[in-house]
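Notes for the one structure printed next.
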Amino acid sequence: MICQLANALVKQGFNVHLISLDDTKAKSYYPIHDEVKWHKLGSNSGLSGKFQRIKILVSLIKNEQIKALIGFVMSGDKTIYAAAKLSRTKLIAAERNAPSMYKIRYSWLQRNVMLKMLNLTDEIIVQQSNFKYGYPKSLQKKITAISNPVSLAKKIAKPEEPTGAGRFILLAVSRLDQGQKGLETLVHAFAKIANNHPAWDLRIIGDGPERDALLNLISYYGLTSQITIEASKKTIFEVYQDANLFVIPSLWEGFPNALAEAMSHGLPAVGFEKASGVSELLQIGGGWVAPGLQDVDALASTLSKAMKNSAERKKRGAFACEAMKEFEPEKQFQRWGKIISKTMDK
């Protein structure tokens, strides 16, 4: 998202600097416009490292005459707040998760400190309009919702039809972590229904620290022939085109790119009703919502219902594809440009 936004802002006439904690040899996974100036600060840890980053950031902001700083996934990163205030530049917080994340992931004290610090920003960008009401009233007046851009698919999936090998594919595209993404719940759920759907395979695409644990769980259930885990792919759109149903078992999201991309390719999807950021997209009609959150039985039952009904998958997939047109990229990038210009003019 940062790469896409940086590239789009260059085209709108902004001078764009990308500042990250990468080392000097780092390369971007996604393309970055030649006019984007990428500053790689390194990731020195500890208190001294934080003070060093603040000093470098302040110097960089002043030397490059940066008028607005956009902090992605800031949470409680005090170095961003400190650098913005010391250099007297405008600060926009780009919140990339549903506000429910604060309650799930952090203690009461941590949560309150992070939310209090957001008062130091000039603008706050959230990804879905109803997220605004998950923040304290003192912050709501400076919150604007801008969804992630969703490109229109060049080729639409056929969720009702089997592959050439006569198989059906349940697809998950996700970072493999032990907290937010809920992939262990997904494997448990698929194991409950695999015998009832012998023609279905679960295909998981992604990288992360939970890979080995998930492989062990798949082996425990004896499902190595029906469940596969593959590394991240740049050609992910082809994967969506070949699937029959998408699943996102996350506990929360912001604006889930993988879900939106799948839906734009005409894939119906399944996720949890209580998963903020997920349910909002699914409830427009492009899939099914499983009751509750992190509930193995509920997810298994809902998946089974979707896997049984090819006609309904086709119908909901078509609706999902049409609904994603609302998030056409140019509209979202223009909204970003307006917010940035307004903030700099304050």
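Any read-out appearing in this document is the output of simple, stated calculations on the displayed coordinates, not a laboratory observation. This one's a predicted model, so the numbers in the text were calculated from it and none came from an experiment. Note: ideal-geometry Cβ built from the backbone for every residue, glycine included; neighbour counts use all protein chains shown.
Of the candidates 206, 266, 49, which one comes out as most mobile in a Gaussian network treatment of the chain with C-alpha springs shorter than 10 Å?
For the chain, modelled as a Gaussian network with Cα springs under 10 Å, the answer is 49.
What ranking, highest mean first, results for peptides 270-277, 66-73 when packing means the other Cβ atoms within 10 Å averaged over each residue? It would help to have the intermediate numbers written out before the result.
Numbers: 270-277: 23.6, 66-73: 18.5.
So the order, starting with the most tightly packed, is 270-277, 66-73.
Using the Karplus curve 6.51 cos²θ - 1.76 cosθ + 1.60 with θ = phi - 60°, what ³J(HN,Hα) values do you get for each residue of segment 85-96, in whole Hz, with x for Gly and Pro?
For segment 85-96, the Karplus-derived couplings read 6, 5, 8, 6, 9, 6, 10, 10, 8, 9, 6, 10 Hz, x marking Gly and Pro.
Would you mind ranking 192, 233 by Cβ crowding within 10 Å, fewest neighbours first?
Values: 192 16, 233 12.
In increasing order of surrounding Cβ atoms, one gets 233, 192.
Kirkwood Rh over alpha-carbon pairs of the chain, then Stokes-Einstein at 20 °C and 1.002 mPa s: what D in µm² s⁻¹, rounded to an integer? Intermediate results must be reported in sequence, preceding the final value.
Values: Rh = 21.5 Å.
In µm²/s, the coefficient rounds to 100.
Let me know the shape class of segment 51-149, please: from the alpha-carbon gyration tensor, a ≥ b ≥ c as square roots of the eigenvalues, rounded when a/c is under 1.5, otherwise prolate if a/b is greater than b/c, or oblate.
Note, shape of segment 51-149 comes out prolate.
Would you mind checking the pairs 158/315; 62/342; 158/314; 192/305 and listing those with alpha carbons more than 18 angstrom apart? Provide the component values of the computation, followed by the final result.
Working: 158/315 10 Å; 62/342 20 Å; 158/314 7 Å; 192/305 13 Å.
As for pairs spanning more than 18 Å Cα to Cα, those are 62/342.
Modelling each spin label as a point 7 Å along the Cα-to-Cβ direction, I'd like the residue 241/residue 78 distance in nm, to one decimal.
5.1
List every residue whose amide H lies under 5 Å from the amide H of residue 145, counting only residues 5 or more places away in sequence or on a different chain, with H placed 1.01 Å from N in the peptide plane.
126
Collect residues whose amide H, placed 1.01 Å from N in the peptide plane, falls under 5 Å from the amide H of residue 290; neighbours closer than 5 in sequence don't count.
Amide H to amide H, under 5 Å and 5 or more residues apart or across chains, residue 290 pairs with 271, 272, 273.
Going down the list 181/274; 116/137; 40/67; 55/85, which pairs span over 23 Å between their C-alpha atoms? List each step's numbers first, then the result.
Values: 181/274 14 Å; 116/137 12 Å; 40/67 19 Å; 55/85 12 Å.
Going by Cα-Cα distance, every pair falls inside the 23 Å limit.
Which one of 162, 149, 31 has the biggest mean-square fluctuation once the chain is modelled by GNM with Cα springs under 10 Å?
31
Is the shape of segment 168-327 rounded, prolate or oblate, going by the alpha carbon gyration tensor and its root eigenvalues a ≥ b ≥ c, with a/c under 1.5 for rounded and a/b larger than b/c for prolate? Mind dumping the intermediate values first?
Working: a/c = 1.39, a/b = 1.29, b/c = 1.07.
Rounded, because the longest to shortest axis ratio a/c is under 1.5.
Cut-off 10 angstrom, C-alpha nodes, Gaussian network model of the chain. Which of 108, 288, 252 fluctuates the most?
Among 108, 288, 252, the largest GNM mean-square fluctuation belongs to 108.
For segment 271-321, what does the alpha-carbon gyration tensor say about shape, rounded, prolate or oblate, given a ≥ b ≥ c as the root eigenvalues, a/c under 1.5 as rounded, and a/b over b/c as prolate? Could the numbers behind the result be given before it?
Working: a/c = 3.81, a/b = 1.23, b/c = 3.09.
It comes out oblate by the Cα gyration axes.
Taking Cα pairs under 8 Å and at least six residues apart, what relative contact order does the chain come out at, in percent? Let's see the in-between values first.
Numbers: 629 pairs, mean separation 53.6, N = 346.
Reported relative contact order: 15 percent.
Please list the non-local residues whose amide H lies under 5 Å from the amide H of residue 19, H modeled 1.01 Å from N, same-chain partners needing a gap of 5 or more.
39
Treating the angle as unsigned and between 0 and 90°, give the value, to the nearest 10°, between the Cα long axis of helix 296-308 and the longest Cα principal axis of the chain.
Orientation of helix 296-308: about 60 degrees from the principal axis.
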